[in-house]
Structure formats: C-alpha cells, structure tokens
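Reviewing the structure listed below.
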Amino acid sequence: YVEAERAIVDGDGIAGLEARDRVTGRAYQFQASRVINATGSWSRLVARRMDRDIAPLFRPTLAFNLLINRPPIAEVAVAIHSRHADARVLFILPWKGRLLAGTCHCGLPETASQPAVTEEQVSWFLGELNAAVPCLNLVPEDVVHIYAGLLPGRRPGKADLATRAVIYDHGAHGGPQGLYSISGVKFTTARRVAE
C-alpha cells in the first residue's frame, strides 16, 4: 500500500524516491542511487511520474478466465478448440468442483488501466467454449466469477501479447541516470529479465 509518487533527482542522477503509505497517509523518502520501476501494468504511470511516458513499456491487453457453475468434465486440465479455422486453444480444468475456462485475450485502448470485462466479451467467449464442447451449452447465467487481468501487448488495441521484455534505461535517453523501467511478459521469465 505504499505508492511511489516522485523521483528524487540530484543533478542528472537519481537519488531516490518519495512515496506515500496509502493507508496512513505518511510520506517517506527512500535514498538510492538506482531505482527500478518494475510495476507491471502500472509501469508507464510510474515512468511518467519519475521521468516521462514510455509507450512500449506496457500496452494493455485484457486476459480473463471464467469460473463456471458446472461440474468438471475431467479430473485434469483439458486443451480444447472449436472447428473454426481461426480457433485458439482453450483450457478447461476442474476448480473446487466447478469448471474454470480460459484464457480469453482481448485488445484494449492504450489508456486502459483496469481489467474490465464486458457482457459482450463474456458472451463471445462462451460461444467459443460452446463451439468447442457443444454439450456444455453454456449461458451467461452459468458464470460464477470472472478472473481478469492486464497483460502487455505488442500493439495498441490488439490482443497480440508481447513476447519480449522491455528494459528502458532512462539515463541513456536524457532522463535521470540510475532510473530503469522494466516490463516483463510473464512470471516464468521474470528471473531471466532480472538477471
């Protein structure tokens, strides 16, 4: 619950950052000769606060999974796809006695900051699931919960997921020396990006 608010710059280099505890309102100053902005979907916002907006850091795409009030169709995860020529592989797996289905990816405007899923997107995804497993005959009322998040994309407004991490050295581009912004693509590659 501590939010980075502003970079502390001394000359042309980073000297730390100012932050605020969002629960107590208390302000903090952290001294550091290097600051790494590794804030995921907030990386552009934080970069803008500390130096400037870096568009390639994070172009949001929407990813969501549906928890469906149906008994599992198997005891393990099952990969499925419909007979449509452009169908993607989807997964259905057991989750606490119900079906968990995913993952649906959608493009978002570059300004999106929250993973809001529309009724139309849910209906479209249910249609894809029904095309792949017709006996499910899913309807929106079968959806118990939507798990949604933002992932980095390659292009604004498209569902194409980023495939490479972005490491931006602000000092090399006229910003404070010692300030770096990083946007990875998935948890499993985070250690390599950090190294």
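The values are calculated or read from the model by the stated rules, or taken from the named source; none is laboratory data. Remember, it's a predicted structure, so these values are computed and weren't measured experimentally. Glycine gets a Cβ as well: all are built from the backbone with ideal geometry, and neighbour counts include every protein chain shown. In case anyone asks, the SASA skips ligands and DNA or RNA and just uses the protein heavy atoms, side chains included. Shrake-Rupley method; radii C 1.70, N 1.55, O 1.52, S 1.80 Å.
Tabulated data
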read-out: Computed [θ] at 222 nm, deg cm²/dmol, the chain (DSSP H ≥ 4; -39,500 (n - 2.57); rounded to nearest 500); value: -4000 deg cm²/dmol
read-out: Gap separating the Cα centres of the range 43-118 and the range 159-185, nearest whole Å; value: 23 Å
read-out: Where only alpha carbons of the range 116-195 are counted, the Rg and the Dmax (Å); value: 19.1, 59
read-out: Relative contact order of the range 52-195, defined on C-alpha pairs under 8 angstrom at six or more residues apart (%); value: 29 percent
read-out: Contour minus Cα-Cα distance for T189 and T163 (0.36 nm per residue); value: 8.3 nm
read-out: Solvent exposure ordering (accessible area, 1.4 Å, most first) of Y1, Y28; value: Y1, Y28
read-out: Sequence-separation-based contact order of the range 1-86, relative, with Cα cut under 8 Å and 6+ spacing, percent; value: 18 percent
read-out: More than 19 angstrom apart: percent of Cα pairs within the range 29-175; value: 59 percent
read-out: C-alpha long axis of helix 119-132 to longest principal axis of the chain, angle in °; value: 50 degrees
read-out: P(r) weight above 14 Å for the range 1-91, C-alpha pairs, percent; value: 76 percent
read-out: Fully extended contour minus Cα-Cα distance, from Y147 to R26, at 0.36 nm per residue; value: 40.3 nm
read-out: Square roots of 5 times each gyration tensor eigenvalue, C-alpha, the range 47-116, largest first, Å; value: 34, 15, 9
read-out: Share of alpha-carbon pairs per 5 Å distance bin for the range 14-64, given as whole %; value: 5, 17, 21, 23, 18, 10, 6, 1
read-out: Label-point gap, in nm, between D12 and N69 - each point 7 angstrom along Cα→Cβ; value: 6.3 nm
